[in-house]
Amino acid sequence: MTSAAIYGCGGHRLTAEEKVFFSDARPWGFILFRRNVDNPDQLRALTDELRDCIGGDANTPILIDQEGGRVQRMGPPHWPKYPPGDAYLKATNDPLAARELARIGARLMAHELKAVGINIDCAPVLDVPVPGAHDIIGDRAYARDPALVAQLGRAAAEGLLAGGVLPVIKHMPGHGRAFADTHKELPTVHADLETLDAWDFAPFKALSDMPIGMTAHIIFTAIDRKHPATQSKKAIRMIRERLGFNGLLLSDDLVMNALSGDLTERAQKSLKAGCDLVIHWNGVLDEMRQVAEGTGKLKGGAKRRADAALARIVHTPEPLDYREARDRFDAMLAGRLDAAKGPDVAEA
């Protein structure tokens, strides 16, 4: 049976030990990072290898963080560079044009991901930063306004879906108010529920129909004073009920210092709270074994949500003239950016 986990791997190809572990652990899927990416042929071979070691199902989920800007695992020289989320509105004062840019960019990304066997992108970011918040989100956010974040986030999600790649809305129920980096420490948010509902929750409610979401390792005192959302039954109940999200819910990475306890405990607490699956990203085999000890089988509602998510993959993507779309995307973005810079400023 499939286990309720998603694992990373160490390098460009699997080791014999990794193959044995994955074959025994039977994770639901895998997640790739920059250390796993060299060139298209290598990456396609790796995704094939990952699928083969757990049975060869072509639908086995393989995830990546391909947002653009600071968070882009596949980049030059083999793949184009994409701008961060906030570049779309900065490029134009027209929200409709910004939405078109976001959708085209995501559709192009989906084409590139699908070509190397990746079928889930951990994007779009739906967090809405507040003044003074830690810049771990920063320019990854589409805007500083919940309605605009929802509009651009939906455009990006629809571009991915049209290209046969599932989006993951993150970080639920909202990371924009965190004044610390969850990779390093546990942030605490003291805003009241009414404020959170109007600001932080709003984009997630607007995109509650999306197939997959990811949690935030943040304490919201208005919801649960003791546990970060990833490990809070109260927070996950709120994601399900108040935010209306019925899709597959992934934990953010278990290795982050925002969580406490050993990795077995972290996995157990996250799943017990209501996460459907946990993610361990760094490919360290001994750590993955610890996670496996705290991870049960994918079953019940979690399995139904996982199956429903995968059923939303479009296996015949929306038609795309890649070169035309790429040229249009670059021209729209560069043209408006050039206009904003003024005639005397050369493109870097």
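Count of segment 180-202 residues, restricted to those that are over 21 Å from Asp135 (Cα atoms) and loosely packed, with under 15 Cβ neighbours inside 10 Å, is 4.
Residues being touching a His at 6+ places or on another chain (Cβ under 9 Å), assigned to a loop (DSSP other than H, G, I, E, B), modelled with pLDDT under 95 and not hydrophobic (A, V, I, L, M, F, W, C) are represented in segment 249-267 by at least one member.
Name every residue in segment 319-329 that is assigned to a loop (DSSP other than H, G, I, E, B) and either in contact with a Phe, Trp or Tyr (Cβ under 6 Å, 6 or more places away or on another chain) or loosely packed, with under 14 Cβ neighbours inside 10 Å (or both), in order of residue number. Selection gives Pro319, Asp321.
Being modelled with pLDDT of 95 or more, of a type in the set (D, E, K, R) and assigned to a loop (DSSP other than H, G, I, E, B) is the filter here, so list the residues in segment 18-64 that pass it. Selection gives Arg26, Asp38. Looking at Leu298, is it under 28 Å from Glu112 (Cβ atoms) and either surrounded by 12 or more Cβ atoms within 10 Å (Cβ to Cβ) or at pLDDT 95 or above (or both)? Here the answer is no, as Leu298 does not meet what is asked. All told, Ala4 falls short of being under 21 Å from Ala162 (Cα atoms) and either aliphatic (A, V, I, L, M) or modelled with pLDDT of 95 or more (or both). Go through the residues of segment 79-100 one by one and say whether even a single one is assigned to a helix (DSSP H, G or I) and under 23 Å from Gly283 (Cβ atoms). Scanning segment 79-100, I find no residue that is assigned to a helix (DSSP H, G or I) and under 23 Å from Gly283 (Cβ atoms), so the answer is no. Within segment 127-146, if we keep just the residues that are more than 18 Å from the chain's Cα centre (by Cα) and part of a loop (DSSP other than H, G, I, E, B), the residue that is surrounded by the most Cβ atoms within 10 Å (Cβ to Cβ) turns out to be Ala133.
A quick yes/no check of all residues on (1) more than 17 Å from Ile120 (Cβ to Cβ); (2) outside any loop (DSSP other than H, G, I, E, B); (3) among the acidic types (Asp, Glu):
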| position | (1), (2), (3) |
| --- | --- |
| Leu160 | no, yes, no |
| His171 | no, yes, no |
| Arg177 | yes, no, no |
| Leu196 | yes, yes, no |
| Phe204 | yes, yes, no |
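Of all residues in segment 273-300, those satisfying the criterion of being in contact with a helix residue (DSSP H, G or I) (Cβ under 6 Å, 6 or more places away or on another chain), part of a helix (DSSP H, G or I) and among the small types (Gly, Ala, Ser) are Ala273, Ala292. Look through segment 207-221, keep the residues that are part of a loop (DSSP other than H, G, I, E, B) and without any contact (Cβ under 8 Å) to a residue 40 or more places away in the chain, and return whichever of them is nearest to Asp181 (Cα to Cα). The extreme case among them is Thr221. Scanning segment 102-126 for residues that are crowded, with 24+ Cβ neighbours inside 10 Å, of a type in the set (A, V, I, L, M, F, W, C) and part of a helix (DSSP H, G or I) yields Ala102, Ala106, Met109, Ala110, Leu113.
Tallying residues that are of a type outside the set (A, V, I, L, M, F, W, C), crowded, with 18+ Cβ neighbours inside 10 Å and not in a loop (DSSP other than H, G, I, E, B) within segment 222-248 yields 2. Quick one: in segment 147-162, which of the residues that are surrounded by fewer than 24 Cβ atoms within 10 Å (Cβ to Cβ) and touching a residue at least 60 places away in the same chain (Cβ under 8 Å) is nearest to Met210 (Cα to Cα)? Out of the qualifying residues, it is Leu161.
Among the residues of segment 301-312, how many are in a loop (DSSP other than H, G, I, E, B) and either exposed (fewer than 13 other Cβ atoms within 10 Å of the Cβ) or touching a strand residue (DSSP E or B) at 6+ places or on another chain (Cβ under 6 Å) (or both)?
Of the residues in segment 301-312, 1 are in a loop (DSSP other than H, G, I, E, B) and either exposed (fewer than 13 other Cβ atoms within 10 Å of the Cβ) or touching a strand residue (DSSP E or B) at 6+ places or on another chain (Cβ under 6 Å) (or both).
The values are calculated or read from the model by the stated rules, or taken from the named source; none is laboratory data. These numbers were taken from a predicted model, which means no experiment stands behind them. Because the Cβ atoms are built from the backbone with ideal geometry, glycine has one as well, and the counts that use them run over all protein chains shown.
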